[in-house]
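Participant: Before I ask anything, here is the structure I am working with.
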Amino acid sequence: MKANETEAVSRRSFLGAAAAALSAGAMFAPQAFAQSASEIRKGEANHSADNPGPINRRLAEENPNSSLSPFTDRGDVSPFWYSFDLSHRRVQDGGWTRQVTQKELPSSQDIAGVNMRLTAGSYRELHWHTANEWAFMLYGNARVTVLNPDGTIFIGDVSKGDLWYFPAGYPHSIQGLGPDGCEFLLVFDQGTFSEYQTFLISDWLVHTPGEVLAKNLRLSEAALAKLPDDELYIFPGTLPGSVEDDRRAVGGKAVESKIDYTFRMEAMKPTAEDAGGNVKVVDSAVFPESKGIAAALVTVKPGGMRELHWHPNASEWQYYIQGSGRMTVFASSGKARTTDFNANDVGFIPAVAGHYIENTGSEDLVFLETFKSAYYADFSLNQWIRRLPPLIAKEHLHLDQAELKSVPEQSLKIIAK
Ligand code: MN
Ligand code: MN
C-alpha cells in the first residue's frame, strides 16, 4: 500500500502543479477553485491524505481515483458506479442471473441491467414483461424466439457481439446453444425493472383453475397433470437442431416474422473510427425495431479517451466489457467526480451531464453506452468550439486563432493517445 500511496500522491502533485500554472496564467479560474487546489497540495505535503485506519484494500486499490480524486473533482455527485460482481447471483440448474437496477444504483431511473448465463441446451423460461428488452451477447451462442401480435414468429441464432431487441409485452424465449451455452447482458428501459417479476408461462398456468385450463387449452385431465406445478425460470433442456429445422417445424414462410429482431453489432462497420479507437452506434436509424433503446459499442485504445461530450436526449447507462478506465462526470454548479471502471462494472451519467472516459490500462477498453431513446445523439465539446464564429470562441476561452485551430474540428468521439 505504501508504494501505491506514494505513486498516487506524486500523480496528484503533478496535477496540482499544472493547476497552479493554469490558475496563475488564466484570469477565468475562479478563486475557490485555485484555493481548493492549493489546499489539497498542502494536505498531501503534510500527510493529511494518509489513511492509517481500517481499509478495504482491494476496493481502494480498484478505485484509486475515488479515494484520492483529481483536484478538479468537487462537491456532492450522486454515485454512478456499481458492479454486477457485487450483486446476488441466483444460480439454478441450467445457469444463473444477477441484476443492477435502480435499487442498486438509485440515480438510474430509466434503465436497469441483467447479466445472465445459460448452459448448453438450457432455457430462460418463456415469458414477457413491462419493459422493452435490449440484449448484447457476451459469450457463446443462443437461440431466441419472439411472437408478433399478428401470429408470426421470429426464430434466430445469436453469437458473441450480436444483439436482440424485444418490444415490451412480446412473449419470448432464450436457449443456450453448443458448445458451451451463452452469457449476455440485458438492458431494460425501466429503472425499477426486476428480472424476478416477469410474466412466466408456468406461473400463469399454476394460478389458473384446472377446469379453465382444460377448456382453454382443450386438454384432458391426464395431460393437465403433466404441466409444471412451480415456476421454471431457468432450467436445463435439449440442444435443438438447426434454426432452419425449427422454422420449418412451426410452418415455414407462412408464419415467419417479417421483422428480424437481431443485429450483428460487433461485426458492423464502425460509425466513427480513428487512431484512438472506434464507436459502433445501433439505434432505430440502422436497426428500425430498436425503438426504445439506442446503444453504442465503444473501443478505446490504450492511452486514448472518449472525448469530452454529453447527450441531449437521455441519461446514459454503461456496461464495461473489457479493460480498465476512468470516467469523470461534470454535474454543473461546480460539481465533478471521477471513478474507476473495470470489466463487469456499470456506469451511469445523468442526462446532459458532461463526461469523458480515459483508457487507464494497457489493453483496449471496451464498453457499451445505452440510452432510453429511439436515437443516439451526442454533443462534442471540440466540435462546438470549432463551429462557433472565432470571435465568440476567442472571447470566451481567451485563445488566439492558431490555438483555436488546434482543437479538432470534427466530432472524433475517440481521442488518440
Ligand atoms: Mn425477457
Ligand atoms: Mn457518453
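The values are calculated or read from the model by the stated rules, or taken from the named source; none is laboratory data. Given the structure is predicted, the values throughout are model-derived calculations rather than measurements. Note: accessible area is taken over every heavy atom of the protein model, side chains too, but ligands, DNA and RNA are not part of it. Shrake-Rupley method; radii C 1.70, N 1.55, O 1.52, S 1.80 Å.
Participant: For Lys413, list the aspartates and glutamates whose Cα falls under 18 Å from its own Cα; do not include residues on the same chain fewer than 8 positions away.
Facilitator: Straight-line reach from Lys413, under 18 Å: Glu266, Glu273, Asp274, Asp283, Glu307, Glu316, Glu358, Asp364, Glu369, Asp378.
Participant: Could you check how much of the accessible area of the range 326-417 is carbon and sulfur, as a whole percent, using a 1.4 Å probe? Intermediate results must be reported in sequence, preceding the final value.
Facilitator: Numbers: 2700 of 4610 Å².
So the carbon and sulfur contribution to the accessible surface is 59 percent.
Participant: Pop out the carbon and sulfur fraction of the accessible area of the range 88-263 as a percent, whole number, probe 1.4 Å.
Facilitator: After summing per-atom areas, the C and S share lands at 54 percent.
Participant: Using Cα positions and a limit of under 27 Å, work out the lysines in reach of Lys417, with same-chain residues fewer than 8 apart set aside.
Facilitator: Counting by Cα, and skipping residues close in sequence, Lys417 has these lysines nearby: Lys269, Lys280, Lys301, Lys335, Lys394, Lys405.
Participant: Let me ask something else about it. Tell me the per residue accessible area of the chain using a 1.4 Å probe; a whole number in Å² is fine. If you can, show how the numbers build up before the last one.
Facilitator: Values: 20780 Å² over 417 residues.
With all protein chains present, the chain gives 50 Å² per residue.
Participant: Something else: For the Cα atoms of the chain, what angle does the longest principal axis make with the long axis of helix 31-45, in degrees from 0 to 90, nearest 10?
Facilitator: Result, in degrees: 90.
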